[in-house]
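Visitor: Before I ask anything, here is the structure I am working with.
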Amino acid sequence: MDNIQYSAAVEYAAASGTLSSIWLLFAIPLASAAVLFLLGRRADKWGHLLGVASVVATFVLGLVYFFQLKGLSGNRSAEVDLFSFMPVGSLKVDFGLLLDPLSAVFVLLITGVGSLIHIYAVGYMAHDPGRRRFFAFFNLFIAAMLLLVLGNNYVMLYFGWEGVGLASYLLISFFFDKPSAATAGKKAFLMNRVGDAGFAIAMFLMFAQLGSVNYDDVFNGVNQLTQGTVLVMGLLLLLGACGKSGQFPLQAWLPDAMEGPTPVSALIHAATMVTAGVYLIARSNAVFSANATLQTVVVSIGALTLLIGCVIGCAKDDIKRVLAYSTVSQIGYMFLGVGLGGAAYALAIIHLLAHGFFKAGMFLGAGSVMHGMQDQVDIRRFGGLWKYMKITWITFGLGYVAIIGLPPLSGFFTKDPIILAAFNRPGWTGWLFGGAALLGAGLTAFYMTRLFVLTFHGPKRWTDGQHPHESPAVMTVPLVLLAVGSVASGFLMSTSVVDWLTPVLGKHAEEHGRLGHWTVTGMTMAVVALGLAAGVLLFRKGTALEEQPAGPVVTAARNNLYADTFNELVFELPGRYLTRALVFLDNRGIDGVVNGLAAMVGGGSGRLRRAQTGYVRSYALSMLGGALLVVAALMAVTLG
Amino acid sequence: MDPSYYIVLSAALFTIGAVGVLIRRNAIVVFMCIELMLNAANLALITFSRMNGSLDGQIMAFFVMVVAAAEVVIGLAIIMSIFRTRRSASVDDANLLKY
Amino acid sequence: MTFKLPAIDYLALAPMLVLFGAACAGVLVDALVPREWRYHVQVPLSLVALLASGGFVVALANRKEHVVTAGSAVVIDGPGLFLQGSIVVLGIVALFLVAERRLEPGGAFVAQAAVVAGSEADRKQMRKPGVTEVYPMMLFALAGMMLFCSANDLLTMFVALEVFSLPLYLLCALARRRRLLSQEAAVKYFLLGAFASAFFLYGVAMIYGYAGKVDFRGINEAVLGSSNSKTLLLIGLAMLAIGLLFKVAAVPFHVWTPDVYQGAPTPITAFMAACTKVAAFGGLLRVLYVAFERSSWDFRPTLGVIAAATMIVGAVLAVTQTDIKRLLAYSSVANAGYLLTGTLSMNRDGLKYTMFYLVAYGFTVLAAFAIVMLVRDSDGEATHLARWAGLGRRSPVFASLFTFLMLAFAGIPLTSGFTAKFGVFAAAVGGNMTWLVIIGVLSSMILAFPYLRVVVLMWLSVPGDDTPTVSVPGAFTAAALFVGVAMTLVLGVAPNQALELVNDAGAFLR
């Protein structure tokens, strides 16, 4: 199934010339964040400008490095060891950076889309007293994200990984006054911790098995490992990726994360951070390609998540949540791509890039709508807005056409090949995953049409008190640029970027699968047209303002497919029954641990702490008991 | 006489001391039980000294006695101060810090 | 019969001798100098003594000559010197906290401990300056800790154990406010500590019975060669371990930790959390790596289970704590588990990274307790977590610093918490203790919650009327806080210098 060989050793060239200063990429936004934090209120007047300037400067710098890298002949990579982070003993970790084709495209995506969203945020946050702090966190995020993609070993990746997570919790909780924002921040933290634990253990496993966490050592050494080890290592990495990218079973935090300001949703929870999981898998392609079971798991998770995202997306009425579930679903496509392996790695990456453009554009468009509608988010209370905000309408429309995959916009060039590749997976699973991807395309067309029609067309359903208006230029210009990106990028990327990525993701022979290119395109177009038509027919006249009684499927979808209920049944209830101590604590107003898993731990904790009775004699008893156990255990181990 | 009997005696004393710590309430008595455990260790040291034919164990016993004396001073000071406050030497009464 | 006096290398012992000497001088100062002058004499005296002691440690480290001296009772080697140096440095920072008198008139210590708590006389002494005996007692404790890390036989180790424990018992009882809690903490610590040291001593006796010697080299030789019953060795080893595990606060010998940490005066809690941890692990490392290395197959499974239990219990119990000092106590228990994980890897990396972890943790915990000292109302420190709600709005600077320290405890990268944890876990993986590392990662995942809870509480809650203010720290506390936070950052971002240092320390001398 995998038509490439990794026998050729992975080797990175040392950086020379301008490329040896790639550390500037994350140093500039980091310095800007530090200035904004340290100067405090003194920087309130111009803080946002510094924030924007630093990211734009980083983007320009990124372009310079990109062309430098392009100019290199042969081994297109630049590795810089800044200093030895942990120089001691058999564990050597360098603070090392690597710019290669894969990280270069990510740098451009992060800084390019990041710059536009920073500019947009200047307008969006104009009246927020915490704007300077917001930009400080935003710059911090950019720095961490760049560190994530620029590291030359897994520890550096982990640094960025935790850094973006941290910036994300801080930014979700940015609206301090909303309790739901705090809860969402905590949920994101919990789900990410589960994933991060997997990632951390995977790193220790690499260290134990290969003695190094450097990319080149790991990729070159993976062939010597047993299949079981590779499987475990890959599954642990996958757990980390699922946590960060909101994939099944850790998908629940991502939609809740929309409590944060809209530019945050656009940058972090649509364009960049949530795709870190895809980056991790693509970067570790040598590991994932080395085990067939592992690839099947990745593909299954991708297919399942993309369907979950679509189904829930159909039933939500909050504009940002629909977009959030569509993000979950589109990342599902990317996971599908990286799981298919071979040529599909590059397809997943170009879909990721295209998604970065159109999804960020749509989120910003949603923000622009909210801006004009006094922070209303319910799509049932929009309608006919195209008259009032023309730029938002057109740009959002282009993003919409791009995501449902109509030619010649980017989704057509990036999503269709993934569906094709899924169909061409050998065996019956090809039909299964291909079918899932195809169904997903139809559903995407349906719910995105619903979103678009309900928001911009049909009769107006908002109250007379609202005066929809177009947003200022500082917000619309980024919208236009992102729309241009979603229009133009598709065709460009489907050819050149795939070639560009070949050194990292492997060279691929032309695949001849069971279904031809045009067959699949035809099927996809048919399904998309079906979904689109259904959406238009059902919603062109608007919709009822109240929730309609619905069948079981819709009800289930409205309830996030009972994900929270499932969590509650499996995790929370036993925790509750274990002890009521935690409930007691919660009632006392001390901020209890809200989430299910934590409830179990908290339950155990509440019960266990009763053992700390405060009596010296019971302490002495526990020590004596422990002493007897230690003596007995030592005897048993040695003599028994 | 077989010196190993002294080891058995010392183990018995140690156990009595340890159990005493668990079952007695008066802080002074608890502390005396701990002293009993130290002395059990002393007995063991001296016996082993004899069995091994080296003087080290006996010298160690002297050190232990000095240390135990120092411990008594500190211990009584602390127990006295809490006794004067609470008018009780029961270790079960000191129960404010818990959970 | 003639006695031959053992040769003593006074230079090698100088770091400890200076402290013992200064401690004795401190006792005299308290006896002879007028009351109002004592503080102004004791603090400089202690500081100079610690600096001199540190100077000698550096000089000895540069000498690079490792000696066994004082009739083979004391060994001065690389790791021993590193641990001694860490104890001195952490001791200086802790001394800053102890010497602080700006936050509370007269300092955190009672004027006369003998006065009955709650009596008329007690109310009268409320505004009098605190006892100055704390300084010599601290010096005695520090010197004992240094000796504990450099002891070359079990008897010296026992004496050193008592020398550093006895002053600590007393220091716990000296809080100015909430004296009942303070006295209760002291009684508990004392009785359980004495109980544990009785186990330690009986273990010494058993080992002596098995090996015929108590010096580490002799024990090491006897572990394979002795014809005595192995039961003696195992019982002895187990009981020694119990005495040491009590000091490091490993489950199930941790029971004293939360109560004592909560009841003791906060500067002393900080002192114990930082310095006692170093000393206890220094002793444990030396015993396991030098004396019993050859029986590591015997003790690794058992101690591994203890380490796992320590990590899990410490983390789980921290989740529902409502008092910041107790929370930090359970975090200290969990950290003992991570340190044990490093210790049990039984390889060079394990030794190095455990020592690195000790230093990193010491600085972070000192800074954390320094902030606990600052959050106060008219009734002293406000340690209940409910009172910390909304602190981020009252005092963003200190809340930010505390947030940073919490992130360091949680092991977020670019803080010393990450480097240290990563190091000990990697060492343990190298030492074939992968199962322990998995438990460690899970435990640190759980432990992140209580830390996050504090952060959320500080930033996302609205301050109430009874939200305490954060006092402006005096120069001493500010210095301690600065050093602690700065080291937490430095050891996280660029740990290479410190790691070079532990690397140069090399292995224990046998």
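The values are calculated or read from the model by the stated rules, or taken from the named source; none is laboratory data. Treat the numbers as computed from the prediction; the structure is a model and nothing was measured. In this analysis, Cβ positions are derived from the backbone assuming ideal geometry, glycine residues included, and neighbour counts consider all displayed protein chains.
Visitor: Quick check on residue B:37: is it within 20 Å of residue B:8 (Cβ to Cβ) and either assigned to a helix (DSSP H, G or I) or modelled with pLDDT under 90 (or both)?
Guide: Working: within 20 Å of residue B:8 (Cβ to Cβ): yes; either assigned to a helix (DSSP H, G or I) or modelled with pLDDT under 90 (or both): yes.
Considered against the rule, which asks whether it is within 20 Å of residue B:8 (Cβ to Cβ) and either assigned to a helix (DSSP H, G or I) or modelled with pLDDT under 90 (or both), residue B:37 comes out as yes.
Visitor: Is it true that some residue in the stretch A:181-202 is among the aromatic types (Phe, Trp, Tyr) and either more than 14 Å from chain C (Cβ to nearest Cβ) or not in a helix (DSSP H, G or I) (or both)?
Guide: Let us first name the residues in the stretch A:181-202 that are among the aromatic types (Phe, Trp, Tyr), namely A:189, A:199.
Subsequent filtering for residues that are either more than 14 Å from chain C (Cβ to nearest Cβ) or not in a helix (DSSP H, G or I) (or both) retains none.
Within the stretch A:181-202 (the criterion being among the aromatic types (Phe, Trp, Tyr) and either more than 14 Å from chain C (Cβ to nearest Cβ) or not in a helix (DSSP H, G or I) (or both)), the answer is no, since none of the residues qualifies.
Residues are listed down the side, and each one gets a yes or a no for (1) over 27 Å from residue A:627 (Cα atoms); (2) surrounded by fewer than 24 Cβ atoms within 10 Å (Cβ to Cβ):
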residue: C:151; (1), (2): no, no
residue: C:154; (1), (2): no, no
residue: C:178; (1), (2): yes, yes
residue: C:217; (1), (2): no, yes
residue: C:221; (1), (2): no, yes
residue: C:235; (1), (2): no, yes
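Visitor: Test of understanding: among C:382, C:370, C:410, which residue is facing chain A (nearest Cβ under 10 Å) and not charged (D, E, K, R)?
Guide: On the way: C:382 fails: facing chain A (nearest Cβ under 10 Å); C:370 fails: facing chain A (nearest Cβ under 10 Å).
Just a single option satisfies the conditions, and that option is C:410.
Visitor: Kindly indicate the residue of the stretch A:623-634 that is buried (at least 18 other Cβ atoms within 10 Å of the Cβ), closer than 19 Å to residue B:16 by Cα and touching a Pro at 6+ places or on another chain (Cβ under 8 Å) and also farthest from the other protein chains (Cβ to nearest Cβ) among those meeting that condition.
Guide: Filtering the stretch A:623-634 for residues buried (at least 18 other Cβ atoms within 10 Å of the Cβ) gives A:623-624, A:626-627, A:630-631, A:633-634.
With the extra rule that they be closer than 19 Å to residue B:16 by Cα, the set shrinks to A:623-624, A:626-627, A:631.
Still in the list and also touching a Pro at 6+ places or on another chain (Cβ under 8 Å): A:623, A:626.
On the way: A:623: 5, A:626: 4 Å.
By that ranking, first place goes to A:623.
Visitor: Residue A:212 versus (1) outside any helix (DSSP H, G or I); (2) closer than 24 Å to residue A:355 by Cβ: which is the lone unmet condition?
Guide: Tallying (1) outside any helix (DSSP H, G or I); (2) closer than 24 Å to residue A:355 by Cβ, residue A:212 fails exactly one: (2).
Visitor: So, one more: Kindly evaluate residue A:330 against the criterion of being assigned by TED's automatic domain parsing to the domain that holds residue A:531 and modelled with pLDDT under 85. So that I can check it myself, show each step before the final result.
Guide: Details: assigned by TED's automatic domain parsing to the domain that holds residue A:531: yes; modelled with pLDDT under 85: no.
No; evaluated as a whole, the condition is false for this residue.
Visitor: For residues that are polar (S, T, N, Q) and not in a helix (DSSP H, G or I), scanning just the stretch A:599-640, find the one that is farthest from residue C:447 (Cα to Cα). Can you show your working first?
Guide: So in the stretch A:599-640, the residues polar (S, T, N, Q) come out as A:605, A:612-613, A:618, A:622, A:638.
In the following step, the residues that additionally are not in a helix (DSSP H, G or I) were identified as A:612-613.
Values: A:612: 19, A:613: 22 Å.
So the residue we want is A:613.
Visitor: Any residue in the stretch B:69-76 that is charged (D, E, K, R), under 17 Å from residue C:243 (Cα atoms) and within 7 Å of chain C (Cβ to nearest Cβ)?
Guide: The initial filter retains those residues of the stretch B:69-76 that are charged (D, E, K, R), namely B:71.
Among the residues that remain, those that are also under 17 Å from residue C:243 (Cα atoms) are: B:71.
Filter once more, keeping what is within 7 Å of chain C (Cβ to nearest Cβ): B:71.
There is at least one residue in the stretch B:69-76 that is charged (D, E, K, R), under 17 Å from residue C:243 (Cα atoms) and within 7 Å of chain C (Cβ to nearest Cβ).
Visitor: Looking only at the stretch C:344-359, which residues are in a helix (DSSP H, G or I), away from chain A (no Cβ under 11 Å) and closer than 19 Å to residue C:241 by Cβ?
Guide: Just the residues of the stretch C:344-359 that are in a helix (DSSP H, G or I), to begin with: C:344, C:348-359.
Next, only the ones that are away from chain A (no Cβ under 11 Å) stay: C:344, C:354, C:357-359.
Result: C:344, C:354, C:358.
Visitor: Would you please name the residue that is nearest to the other protein chains (Cβ to nearest Cβ), looking only at residues in the stretch C:416-442 that are crowded, with 24+ Cβ neighbours inside 10 Å and among the hydroxyl-bearing types (Ser, Thr, Tyr)?
Guide: So, considering only residues that are crowded, with 24+ Cβ neighbours inside 10 Å and among the hydroxyl-bearing types (Ser, Thr, Tyr), the one nearest to the other protein chains (Cβ to nearest Cβ) is C:419.
Visitor: I've got another one for you. Checking residue C:119 against (1) in contact with a Pro (Cβ under 8 Å, 6 or more places away or on another chain); (2) surrounded by fewer than 17 Cβ atoms within 10 Å (Cβ to Cβ); (3) among the hydroxyl-bearing types (Ser, Thr, Tyr), which test does it fail?
Guide: (1)
Visitor: Restricting the search to the stretch B:6-25, which residues are within 14 Å of chain A (Cβ to nearest Cβ) and crowded, with 16+ Cβ neighbours inside 10 Å? I'd like the intermediate steps shown before the answer.
Guide: From the stretch B:6-25, those within 14 Å of chain A (Cβ to nearest Cβ) are B:11, B:14-25; that's our starting set.
Listed by number, the residues that qualify are B:11, B:14, B:17, B:18, B:20, B:21, B:22, B:24.
Visitor: Being outside any helix (DSSP H, G or I) and not small (Gly, Ala, Ser) narrows it down to one of C:156, C:132, so name that one. Even if it seems obvious, please write down each step before you answer.
Guide: Numbers: C:156 fails: outside any helix (DSSP H, G or I).
One residue alone meets the criteria, C:132.
Visitor: Same structure again: For the stretch B:60-69, what are the residues that are surrounded by 14 or more Cβ atoms within 10 Å (Cβ to Cβ) and either of a type in the set (Gly, Ala, Ser) or under 15 Å from residue B:49 (Cα atoms) (or both)?
Guide: Within the stretch B:60-69, B:60, B:61, B:63, B:64, B:68 meet the criteria.
Visitor: Here's something else I'd like to know. Looking at this structure, is residue C:488 more than 12 Å from chain A (Cβ to nearest Cβ), touching a residue at least 40 places away in the same chain (Cβ under 8 Å), out of contact with any Lys or Arg (no Cβ under 9 Å at 6 or more places or on another chain) and among the hydroxyl-bearing types (Ser, Thr, Tyr)? Break it down into steps so the answer makes sense when it comes.
Guide: Working: more than 12 Å from chain A (Cβ to nearest Cβ): yes; touching a residue at least 40 places away in the same chain (Cβ under 8 Å): yes; out of contact with any Lys or Arg (no Cβ under 9 Å at 6 or more places or on another chain): yes; among the hydroxyl-bearing types (Ser, Thr, Tyr): yes.
Yes; evaluated as a whole, the condition is true for this residue.
Visitor: Something else about it: Go through the stretch C:390-415 residue by residue and tally those that are buried (at least 22 other Cβ atoms within 10 Å of the Cβ) and in contact with an Asp or Glu (Cβ under 8 Å, 6 or more places away or on another chain).
Guide: Total meeting the criteria: 1.
Visitor: Same structure, new question: Do you know which of the residues in the stretch B:70-92 that are surrounded by fewer than 16 Cβ atoms within 10 Å (Cβ to Cβ) and not polar (S, T, N, Q) is modelled with the lowest pLDDT?
Guide: Once the filter is applied, the top-ranked residue is B:92.
Visitor: Taking the options A:188, A:121, name whichever one is of a type outside the set (Asp, Glu) and within 18 Å of the chain's Cα centre (by Cα). Don't jump to the end; show me each part of the working.
Guide: Details: A:121 fails: within 18 Å of the chain's Cα centre (by Cα).
The conditions single out A:188.
Visitor: Give the residues of the stretch C:175-187 that are within 7 Å of chain B (Cβ to nearest Cβ), in contact (Cβ under 8 Å) with a residue 24 or more places away in the chain and not acidic (Asp, Glu), sorted by residue number. Let's see the steps before the verdict.
Guide: Quick first cut of the stretch C:175-187, residues within 7 Å of chain B (Cβ to nearest Cβ) only: C:180-181, C:183-187.
From what's left, in contact (Cβ under 8 Å) with a residue 24 or more places away in the chain: C:180-181, C:183-186.
Scanning the stretch C:175-187 gives C:180, C:181, C:183, C:185, C:186.
Visitor: Only one of (1) without any contact (Cβ under 8 Å) to a residue 24 or more places away in the chain; (2) buried (at least 23 other Cβ atoms within 10 Å of the Cβ) fails for residue C:114. Which number is that?
Guide: (2)
Visitor: Further, regarding this structure: If we scan the stretch A:301-316, do we find a residue that is surrounded by fewer than 24 Cβ atoms within 10 Å (Cβ to Cβ), in a helix (DSSP H, G or I) and not hydrophobic (A, V, I, L, M, F, W, C)?
Guide: No, the stretch A:301-316 contains no residue that is surrounded by fewer than 24 Cβ atoms within 10 Å (Cβ to Cβ), in a helix (DSSP H, G or I) and not hydrophobic (A, V, I, L, M, F, W, C).
Visitor: For the stretch B:27-41, what are the residues that are facing chain C (nearest Cβ under 8 Å) and not aliphatic (A, V, I, L, M)?
Guide: Kept after step one, since they are facing chain C (nearest Cβ under 8 Å), are these residues of the stretch B:27-41: B:27, B:30-31, B:34, B:37-38, B:40-41.
The answer is B:31, and nothing else.
Let's see how each residue does on (1) touching a residue at least 12 places away in the same chain (Cβ under 8 Å); (2) hydrophobic (A, V, I, L, M, F, W, C); (3) in contact with a Phe, Trp or Tyr (Cβ under 9 Å, 6 or more places away or on another chain):
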residue	(1), (2), (3)
A:142	yes, yes, yes
A:145	yes, yes, yes
A:148	yes, yes, yes
A:155	yes, yes, yes
A:159	yes, yes, yes
A:169	yes, no, yes
A:205	yes, yes, no
A:214	yes, no, yes
A:222	yes, yes, yes
